[in-house]
Every structure is written in structure tokens, then in C-alpha cells.
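Okay, so here's the structure we're looking at.
The values are calculated or read from the model by the stated rules, or taken from the named source; none is laboratory data. Note that the structure is predicted; figures quoted are calculated from it, not measured. Positions of Cβ are generated from backbone atoms using ideal geometry, with glycine treated the same way; all protein chains shown enter the neighbour counts.
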Amino acid sequence: MGEGMTGSKTAEKPMTLAEFRKTRAPLRDVNLQFNENVSRLDKFAMWITDHIGTMGFFLVILAWTVLWLGWNLLAPKNLQFDPPTGFVFWLFISNLIQILLMPLIMVGQNLQGRHAEMRAQYDLEVNVKAEQEIEVILHHLEYQNTILIRMLEKMGIHLDEALGKGRKK
């Protein structure tokens, strides 16, 4: 056992729970804090990122493209609603949509990344607080050990005897 356990060093009284709670800063809701600091345009970009960046949206666009192309290629001429050059126009519109959506999706991803960083920072703060609480508990246990060892010494019992190490088999 270390010096603090043998009683040769004076034990410092540990901090009480009430004293510890006074030193603790209250926990904060980083999700609420993040949402309060996001503009309407940023919220729109995040909405687009959340909804357009899904397989469901991809499947809708794929189904629409296959149906449109299939109808205009396989349907009777009088039922086709686009001439053969209409698909070239559809490809142009699709590329235009992609050009417009890419920056919006990137903005949304950047915002989501900032939010993730805030959550990571909050997790770090919680971990630091937990470590401080554990230190208080360990300090309290060490103080209790010191008191118990002193009590044993006053009773004339050696620590090894109390722990059962002094017994011979």
C-alpha cells in the first residue's frame, strides 16, 4: 500500500457531494443550441441533404426516367408525349438539377459535420466531468481507507492480519 494508505501521511478530507456540485457547470443541449443558430437557408439545405440523399429519392428518379424513356420509345406514336429529341432535353434538365443540388447537398453536409463536431465536443465535456466525479470518488475511498487503517492500528491489528495475509497454512 502507498504512503496515504499506511497512515504515516495525514489524510486530506475529501470534497463533499454538495461542494462538488457547486463546482460543476450544468450540462447543455447541443442539439437545441445548434438548431437555434441555423438560418432558414441552412435548414433548407439540410432538409434537401436529408431527403434527396436517400435511396428512395434515387429510386423515384430512376423509375421516372425509365417510365418516361420507355413510354416515349415503346408507346404508339400518337400516344408519345415527347419527340425523340425530348430525352436530350430531359438529360439537360437532369444535369441542371444536379448542378444546382450538388452545392446545396454539400452545404447540408457541412452543417451536419459542424453539428457532429458539436456533439463530439459535448461528449468530451461529459467525459471530462465523469472523470472529475470518479476522481472525487477515488479520493473519498482513499480517505476511507486511511481512516480504516488508522482504526486497525489503534486496535493493535496489523493490516496484513486484517486482510488474512498473516495466516500460516
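So in the range 88-106, with the set limited to residues that are hydrophobic (A, V, I, L, M, F, W, C) and surrounded by 12 or more Cβ atoms within 10 Å (Cβ to Cβ), which one is farthest from the chain's Cα centre (by Cα)?
We begin by selecting, within the range 88-106, every residue hydrophobic (A, V, I, L, M, F, W, C); these are 88-93, 96-97, 99-102, 104-106.
From the residues that got through so far, the ones that are surrounded by 12 or more Cβ atoms within 10 Å (Cβ to Cβ) too are 90, 97, 101, 104-106.
Numbers: W90: 41, I97: 33, L101: 27, L104: 24, I105: 21, M106: 21 Å.
Once the filter is applied, the top-ranked residue is W90.
Quick one: is L62 free of Cβ contacts under 8 Å to residues at least 12 places away in the same chain, assigned to a helix (DSSP H, G or I) and closer than 24 Å to L104 by Cβ? So that I can check it myself, show each step before the final result.
Numbers: free of Cβ contacts under 8 Å to residues at least 12 places away in the same chain: yes; assigned to a helix (DSSP H, G or I): yes; closer than 24 Å to L104 by Cβ: yes.
Yes.
Can you pull out every residue in the range 113-131 that is touching a helix residue (DSSP H, G or I) at 6+ places or on another chain (Cβ under 8 Å) and modelled with pLDDT of 85 or more?
Applying the first criterion (touching a helix residue (DSSP H, G or I) at 6+ places or on another chain (Cβ under 8 Å)) to the range 113-131 yields 114-115, 118-119, 121-122.
Scanning the range 113-131 gives H115, M118, R119, Q121, Y122.
What are the pairs with Cβ atoms under 9 angstrom where one residue, in the range 23-46, is closer than 30 Å to V136 by Cα and the other, located anywhere, is assigned to a loop (DSSP other than H, G, I, E, B)? Sequence gap at least six, or different chains.
Close Cβ pairs (under 9 Å, with a partner that is assigned to a loop (DSSP other than H, G, I, E, B)) amount to T23/M15.
Scan the range 76-87 for residues that are closer than 27 Å to I52 by Cα and either loosely packed, with under 10 Cβ neighbours inside 10 Å or touching a Leu at 6+ places or on another chain (Cβ under 7 Å) (or both) and jot them down.
Here is the first cut: in the range 76-87, the ones closer than 27 Å to I52 by Cα are 82, 86-87.
Passing the criteria: only F87.
Looking at the range 101-128, I want the residues that are over 17 Å from I52 (Cβ atoms) and among the acidic types (D, E) and have a partner that is surrounded by fewer than 12 Cβ atoms within 10 Å (Cβ to Cβ) and at pLDDT below 85 with Cβ atoms under 9 Å, at least 6 apart or on another chain. Which pairs are those?
As it stands, the answer is E125/A25; E125/L27; E125/R28, since those pairs meet every condition given.
Could you list, in sequence order, the residues of the range 116-167 that are in contact with an Asp or Glu (Cβ under 9 Å, 6 or more places away or on another chain) and not in a helix (DSSP H, G or I)?
Hits for the range 116-167 are G166, R167.
Taking the conditions exactly as written (over 30 Å from M15 (Cβ atoms) and assigned to a helix (DSSP H, G or I)), does T49 satisfy them or not? Spell out the reasoning first.
Values: over 30 Å from M15 (Cβ atoms): yes; assigned to a helix (DSSP H, G or I): yes.
Here the answer is yes, as T49 does meet what is asked.
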